[in-house]
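To keep things clear, I will list the structure first and then write my remarks on it.
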Ligand code: PEP
Ligand code: MN
């Protein structure tokens, strides 16, 4: 609608972040940081394929309070150690603004998870930073709500933003969420903001990663996120959707990366 087009997000060119995202943007890594050994195995694989980014949650937004909540600061330090060792860019989720200093000192890209897309005080604080913010779409949010959430970050002075489609809730249960590729095409049609697709949390399964990765790129995605764990069966979270190192390498081969 007309009011929307007056937003800054439609006018901005996002030159710096688009430049940073040149090349093959694959954000791979486990759901959660579990140990140095786990992270270094994934980092080795990422660097072997000349990819640049590694993800891993230190603070995990788990549905159940009884599930593994992440290693916290220890997880951040592990992530920083492997980033330094393998020269990678680290991505991790910020749940609570009180963790900002710890997180900022360990990683380059701060992720706002789907559950926090509506956390406006958090978005405003992240808008005051220079660091890149990876803003995930809430699982019940509309295109307009997503653009307005990005606008909160933008209006506070930070235009290093990446938007991430991670699936929305529908009646369909064959996939964990329904990957909404229309929103990727729409955002790319309307704005210059970089968009990535999180295949793992969208699909919740591994068998259709390759076709959906290709579809994401065809829809205009600038990059992909996938969960990779050296031993998915033993993972402390999201076991069913995390690719093993071998499976990840097969995906890369299929995508010709
Ligand atoms: C994640 O990427 O680790 C995550 C929790 O995803 P989402 O916020 O999309 O559920
Ligand atoms: Mn996960």
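A count restricted to the stretch 109-141 and to residues that are more than 16 Å from ligand 1 (Cβ to nearest atom), part of a loop (DSSP other than H, G, I, E, B) and either under 14 Å from residue 95 (Cα atoms) or touching a strand residue (DSSP E or B) at 6+ places or on another chain (Cβ under 9 Å) (or both) stands at 2.
Of all residues in the stretch 209-224, those satisfying the criterion of being over 17 Å from the mean Cα position of the chain (by Cα) and either surrounded by 15 or more Cβ atoms within 10 Å (Cβ to Cβ) or modelled with pLDDT under 95 (or both) are 210, 215, 219. When the stretch 190-208 is limited to residues that are within 16 Å of ligand 2 (Cβ to nearest atom) and outside any strand (DSSP E or B), the one that is surrounded by the fewest Cβ atoms within 10 Å (Cβ to Cβ) turns out to be 205. The set of residues from the stretch 153-169 being in a helix (DSSP H, G or I) and buried (at least 19 other Cβ atoms within 10 Å of the Cβ) comprises 153, 154. Look at (1) assigned to a loop (DSSP other than H, G, I, E, B); (2) closer than 24 Å to residue 189 by Cβ and you find that residue 63 fails only one, number (2).
Yes or no, residue by residue, for (1) crowded, with 20+ Cβ neighbours inside 10 Å; (2) within 16 Å of ligand 2 (Cβ to nearest atom):
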{"site": "56", "(1), (2)": "yes, yes"}
{"site": "67", "(1), (2)": "no, yes"}
{"site": "79", "(1), (2)": "yes, yes"}
{"site": "82", "(1), (2)": "yes, no"}
{"site": "93", "(1), (2)": "yes, yes"}
{"site": "102", "(1), (2)": "no, no"}
{"site": "107", "(1), (2)": "yes, no"}
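So, of the residues in the stretch 30-52 that are in a loop (DSSP other than H, G, I, E, B) and within 16 Å of ligand 1 (Cβ to nearest atom), which turns out to be surrounded by the most Cβ atoms within 10 Å (Cβ to Cβ)? Within the stretch 30-52, the match that is surrounded by the most Cβ atoms within 10 Å (Cβ to Cβ) is 33. Residues that are under 23 Å from residue 52 (Cβ atoms) and either crowded, with 23+ Cβ neighbours inside 10 Å or away from ligand 2 (no atom under 16 Å from the Cβ) (or both) occur in the stretch 171-186; there is at least one.
Residue 185 satisfies every condition listed in (1) in contact (Cβ under 8 Å) with a residue 12 or more places away in the chain; (2) more than 15 Å from ligand 1 (Cβ to nearest atom); (3) in a loop (DSSP other than H, G, I, E, B) except (3). Summed over the stretch 217-243, residues that are within 15 Å of ligand 1 (Cβ to nearest atom) and part of a helix (DSSP H, G or I) total 1.
Looking only at the stretch 225-250, residues that are closer than 30 Å to residue 188 by Cα and surrounded by fewer than 21 Cβ atoms within 10 Å (Cβ to Cβ) come to 4 in all. Against the list (1) farther than 18 Å from residue 229 by Cα; (2) in a loop (DSSP other than H, G, I, E, B), the condition residue 85 fails is (2).
Screening 82, 91 for residues that are more than 15 Å from the chain's Cα centre (by Cα) and on the phi < 0 side of the Ramachandran plot leaves exactly one candidate, 82.
Selection of the stretch 25-36 for residues being out of contact with any strand residue (DSSP E or B) (no Cβ under 8 Å at 6 or more places or on another chain) and in contact (Cβ under 8 Å) with a residue 60 or more places away in the chain yields only 34. Scoring residue 21 on the criteria (1) without any contact (Cβ under 8 Å) to a residue 24 or more places away in the chain; (2) more than 16 Å from ligand 1 (Cβ to nearest atom); (3) within 19 Å of the chain's Cα centre (by Cα) leaves a single failure, condition (1).
The values are calculated or read from the model by the stated rules, or taken from the named source; none is laboratory data. Quantities reported herein were computed from a predicted structural model and do not represent experimental measurements. Positions of Cβ are backbone-derived with ideal geometry, glycine not excepted, and every protein chain shown enters the neighbour counts.
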